[in-house]
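Okay, so here's the structure we're looking at.
The values are calculated or read from the model by the stated rules, or taken from the named source; none is laboratory data. Not measured: the values here are computed from a predicted model. Cβ atoms come from the backbone with ideal geometry, glycine included; neighbour counts cover every protein chain shown.
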Amino acid sequence: MASLVIVNPAAGQGGCAKAWPEIEAGLRAALGEIDVVMTTRAGEETELARQGVAQGASHFIAVGGDGTMNGVVNGIMGDGALARADITLSVVPAGTANELARAIGVHGDPMGAIQGIASGRSQRFDLLQADCIGLDGAPHRHYGVLAVSWGGAAEIVHRTNTSRFLKKLGGRFSYYANTLIVTLTYPMQRCDLTIDDRELPDQLYYSGLVCNTEMLGGGMRLAPGADHSDGIADFLFFKDIPRREIILQKPSWLFEGHHIEHPKVDYIRGRKFTVKSDLGTLVDADGETIGRLPLNVETLKQALPVIG
């Protein structure tokens, strides 16, 4: 069966739709026959990917941003593993955030991504299996490729994705504006943490992130040294940092990875993470709000084959 290309024309504030004719021509020239489906609403990528699995597709190409990629990933997954062993994923960057494309070396380069897909070169990525309480109040399982976060970081993404006014001013502007607002106003919270067999009770914190890739959030080096294929995640924990110490940091603080040197930031490696809290704190995976605490995250070593 031909490669199934799932396109989100709304990605990148409509930039994907404008770029699609050139991307389509490049894909057809490089791969020959392809099957193309377009999303018409948020979250439809997952349904389209599941339909593709049921119809026998094995190679899925996500065209859009990281939200599109994450939707496709959750459509090709079964319970703790790929729906079928022969399934593979590729991405063509055409969205606001393209961190998986950055991790494989084709950030901002759709034609380079297509050449990489045509080459057949592959690598395997770990997956983050997250179990939380869904937004509908029922238990929910979701898979992330880049990171699973909660607290302030998840709140920033949620507000960015739901703020119609700020989104009109641009995806990047909306993200940075909400980062400033949340940093100034988001209340510190408490949780009980378990990292593998290490218990860390009653932690006062601003945000936590279980990271699979080194670069996140538009090129920020949030998890310095993270290896997306070693079966171990890098846990970034912003504890009770005074607001002024966050606001007054140099812009390069997060982009160069200096934040992990702060005494109120923990950086711990592990495979399994449990977060318990009485509050309904938001949880995010790859820039998509997926539910609320409590949360369990488990690293699935090299569970996702990526071509390109």
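Within the stretch 239-273, take every residue that is among the acidic types (Asp, Glu) and exposed (fewer than 13 other Cβ atoms within 10 Å of the Cβ) and give me the one that is nearest to residue 205 (Cα to Cα). Explain how you work it out, then say what you get.
Applying the first criterion (among the acidic types (Asp, Glu)) to the stretch 239-273 yields 240, 245, 256, 261, 266.
Narrowing the set further to residues that are exposed (fewer than 13 other Cβ atoms within 10 Å of the Cβ) leaves 240, 245, 256, 261.
On the way: 240: 5, 245: 14, 256: 22, 261: 16 Å.
So the residue we want is 240.
If a residue has to be of a type in the set (D, E, K, R) and closer than 22 Å to residue 218 by Cα to count, how many in the stretch 91-132 make the cut?
Number of matching residues: 4.
Would you confirm whether any residue within the stretch 85-98 is assigned to a strand (DSSP E or B), in contact with a Gly (Cβ under 8 Å, 6 or more places away or on another chain) and without any contact (Cβ under 8 Å) to a residue 40 or more places away in the chain?
yes
Restricting to the stretch 218-228, what's the tally of residues that are surrounded by fewer than 22 Cβ atoms within 10 Å (Cβ to Cβ) and within 26 Å of residue 191 (Cα to Cα)?
Step one: list which residues in the stretch 218-228 are surrounded by fewer than 22 Cβ atoms within 10 Å (Cβ to Cβ), which gives 218-221, 224-225, 227.
After this cut, where a residue has to be within 26 Å of residue 191 (Cα to Cα) as well, the list is 220-221, 224.
The qualifying residues number 3.
Go over the candidates 118, 81 one by one and state the one that is small (Gly, Ala, Ser), under 25 Å from residue 33 (Cβ atoms) and either surrounded by fewer than 23 Cβ atoms within 10 Å (Cβ to Cβ) or not assigned by TED's automatic domain parsing to the domain that holds residue 9 (or both). Break it down stepwise before answering.
On the way: 81 fails: under 25 Å from residue 33 (Cβ atoms).
Of 118, 81, the one residue that is small (Gly, Ala, Ser), under 25 Å from residue 33 (Cβ atoms) and either surrounded by fewer than 23 Cβ atoms within 10 Å (Cβ to Cβ) or not assigned by TED's automatic domain parsing to the domain that holds residue 9 (or both) is 118.
Quick one: which strands (runs of 3 or more DSSP E) lie wholly within the stretch 178-260 and hold at least 1 residues that are free of Cβ contacts under 8 Å to residues at least 40 places away in the same chain and over 21 Å from residue 100 (Cβ atoms)? Let's see the steps before the verdict.
Working: elements: 189-195, 198-211, 233-239.
The qualifying strands (runs of 3 or more DSSP E) are 198-211, 233-239.
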